[in-house]
Amino acid sequence: MPLLDGFTPWPETDAARYRAEGYWTGTTLGAVLRNSARRTPRRTALVADGRRLSYAELDEAADRVAAGLRAHGLGPGSRLLVHLPNGLPFVLTLFGCFRAAVVPVLALPAHRESELVHLARLSGAAACVLHGGPEQPGLAEAVTRAAHTVRHVFTTGPAGPGPWHPFDALTAASPDAGAPDDARPQDVAVLLLSGGTTGLPKLIPRTHDDYAYNLRAAARAAGLDAHTVTLLALPAAHNFALACPGLLGTLHAGGTTVLAPSPAPDVAFDLIARERVTTVALVPPLVLAWLDAAEELAPDLSSLTLLQAGGARLKEETARRVRPVLGCALQQVYGMAEGLLNLTRLDDADETVFTTQGRPLSDADEVRVVAPDGTDVPEGATGELWTRGPYTLRGYFRAERHNATAFTPDGFYRSGDLVRRLPGGNLVVEGRLKDVINRGGDKVPVEEVENHLLAHPRVHDVALVGFPDADMGERTCAFVVPRGEAPTRRELLDHLVRRGVAAFKHPDRVRVLTGFPRTGAGKVDRAALARTLNTPAEAL
Ligand code: J2J
């Protein structure tokens, strides 16, 4: 029996095959750390917040947090909303949860009240852990007011009145020496946020078995070993930085993870030189920023051997600059928190690495490229990517209605991405069908943002449209049909801030129109709107 209702397990025949063929090994994520700690207790596992923790220390700290969670009444299947930047509290919370079988719900650091409230409600969170920044009291209050299931708030800042506890309340518990791991391999280990689907963001359940396979296979494909030093520059709460291979893959390999407080080149370059970092994952706008900064600053990056780039399409010209400027290999990664990972391989020809987004991680990944009628397109033609496999979800959490269309009856996930498959199996991402704008790797859910803008009293109708941008790949423009006097962009941004919407969702431009062009079917013609943006325009 699954521990969580609202989780769609794999059909038993598939699960049996994934076990029999060795994809699922019956391990838990808590055991990933335990195993490395047994092998190399004194090696440095983490460098974070000015501290260095050995594997033995991290392992012990994870047990403490598990005991702390249990002491606050959180147990197998309880959900814990986690809103933390890259730092020690994030890693401790995560492993405390894995050990106590509490399910962390990983919000991104950029999220604000609107997203946190939605995630707390959707997950039915029993508690949350918040970063102690200046916005924290407001966020804590909003979440506890709006989500009645939340009984405890742990914060890395000063604790307020009521059900608030300092984060130390979790780490102060004495570990239940040798307590068995409460988690079972087939249970949901973590709820990740979807990069955008129609409507409000969805939660992606990942089990111990499937995520452990994901991180092991990704660690292998990225060539990680005990000498790896990974810089975590992207938010650890995102699948790419967390387990592809990222933090969890590096812990599995017995290497060291350095948590960067910011991905800015000056901060990262210092850490790379000081900690002799070998591996890093970035989104394309950061790859560009690092390339430009490295040409100007000539930093010591001699330890760096691998840059993974993913989250949005990397331009070929940018890909070609990586080795000459940064002195390391490039691996393109086309992934999704829903599961499927595609990567170029370390021994691929340069042409493949520069011009494709790689091929599936696993022999057991099934990928179809299909036409609108659901038939497979010929090799080399563009179609929608559908996938199913040992680490790709079979249903979003508590989203029955959405699942009915997001998955085929035989369990393929309809990704909404338009791809081309080349001879040899490598994929090229050509575009998308889903209503999401990919702003340099940050996924902007169109309908969600439009709904926030529609709530403004002087907005009669609105359409959010992506337009090409040299640095970000795409940016966003809100086309507004006003009610009375048109609101300015500043007024709309203030409105979104008041509603607690993450800054990356704020429109880059605003255009005022008297009405929308329509398609033959009467829908807003977004393509026609996008075409009007090809000429430089003044933002209001
Ligand atoms: C084009 N589009 C891409 C790429 C993702 C590794 C890397 C990225 C993610 C991620 C991830 C792309 N070129 N190289 O989870 O483990 C777009 C696709 C995809 C969506 C998923 C990982 N890499 N994309 O970005 O869940 O549209 O995961 O479906 O945030 O990003 O977004 P997300």
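Extending 7 Å from Cα along the Cβ direction at Ala71 and again at Asp270 yields two label points whose distance is 3.5 nm. For the chain, adding -39500 (n - 2.57) for each run of n ≥ 4 DSSP H residues and dividing by the number of residues yields -9500 deg cm²/dmol at 222 nm. Spin-label model, Ser174/Phe504: points 7 Å from Cα along the beta carbon direction are separated by 4.4 nm. Applying the Kirkwood pairwise sum to the alpha-carbon positions of segment 290-387 produces a hydrodynamic radius of 15.1 angstrom.
What shape does segment 436-534 have by the C-alpha gyration tensor, where a ≥ b ≥ c are the square roots of the eigenvalues, rounded means a/c under 1.5, and otherwise prolate means a/b greater than b/c and oblate the rest?
Oblate is the answer for segment 436-534, as a/c is 1.5 or above yet b/c matches or exceeds a/b.
Counting only residues at least eight positions apart within a chain, or on another chain, the lysines with an alpha carbon under 26 Å from that of Lys202 are Lys434, Lys443, Lys505, Lys523. Near the amide H of Glu474, within less than 5 Å, lie the amide hydrogens of Gly440, Asp469, all on another chain or at least 5 residues away, with H placed in the peptide plane. If r is the Cβ-Cβ distance from Leu297 to Ala528 and R0 is 30 Å, what FRET efficiency results, to the nearest 0.05? Working from the Cβ atoms, E equals 0.10. Sequence-distant contacts, meaning Cα pairs under 8 Å at least 6 residues apart, place the relative contact order of segment 148-270 at 16 percent. For the chain, the share of DSSP beta bridges that are antiparallel, to the nearest 5, is 55%. Using only alpha carbon pairs under 8 Å that are at least six residues apart, calculate the relative contact order of the chain and give it in whole percent. Answer for the chain is 12 percent. Taking amide H atoms as placed 1.01 Å from N in the peptide plane, the amide H of Arg151 lies under 5 Å from those of Ala127, each 5 or more residues away in sequence or on another chain. In nm, to one decimal, how far is the modelled label at Arg483 from the one at Arg458, with both set 7 Å along Cα→Cβ? Label-label distance for Arg483 and Arg458, simple model: 1.3 nm. The slack in the chain from Glu12 to Arg52, taken as 0.36 nm per residue of separation less the alpha-carbon distance, amounts to 10.1 nm.
Centre-to-centre separation between the Cα atoms of segment 364-423 and those of segment 54-109: 33 Å. Amide H to amide H distances under 5 Å link Ala189 with Arg206, Thr207, His208, where only residues 5 or more positions off or on other chains count and H is placed in the peptide plane.
Phi angles of segment 102-116 translate, via the Karplus equation with coefficients 6.51, -1.76, 1.60 and θ = phi - 60°, into HN-Hα couplings of 7, 9, x, 10, 8, 7, 7, x, 6, 5, 10, 3, 4, 5, 5 Hz per residue; Gly and Pro are given as x.
Beta bridges from DSSP with both residues in segment 219-432: antiparallel share about 60 percent, rounded to the nearest 5. Applying 1/(1 + (r/R0)^6) with R0 = 60 Å to the Cβ-Cβ distance of Leu513 and Asp225 gives a FRET efficiency near 0.60.
Per-residue 3J(HN,Hα) values for segment 495-509, derived from phi via the Karplus relation 6.51 cos²θ - 1.76 cosθ + 1.60 with θ = phi - 60°, read 4, 5, 5, 4, 7, x, 9, 3, 4, 5, 8, 6, x, 6, 9 Hz in sequence order (x marks Gly and Pro). Which of rounded, prolate, oblate describes segment 219-432, given a ≥ b ≥ c as roots of the alpha-carbon gyration tensor eigenvalues and a/c under 1.5 marking rounded, otherwise prolate only if a/b is larger than b/c? Taking the square roots of the gyration eigenvalues as a ≥ b ≥ c, segment 219-432 is prolate.
Every number in this text was worked out from the coordinates using simple rules, so none of it is lab data. A quick note: this is a predicted structure, and the numbers were derived from the prediction, not measured. Please note: Cβ atoms are built from the backbone with ideal geometry, for glycine as well, and neighbour counts cover all protein chains shown.
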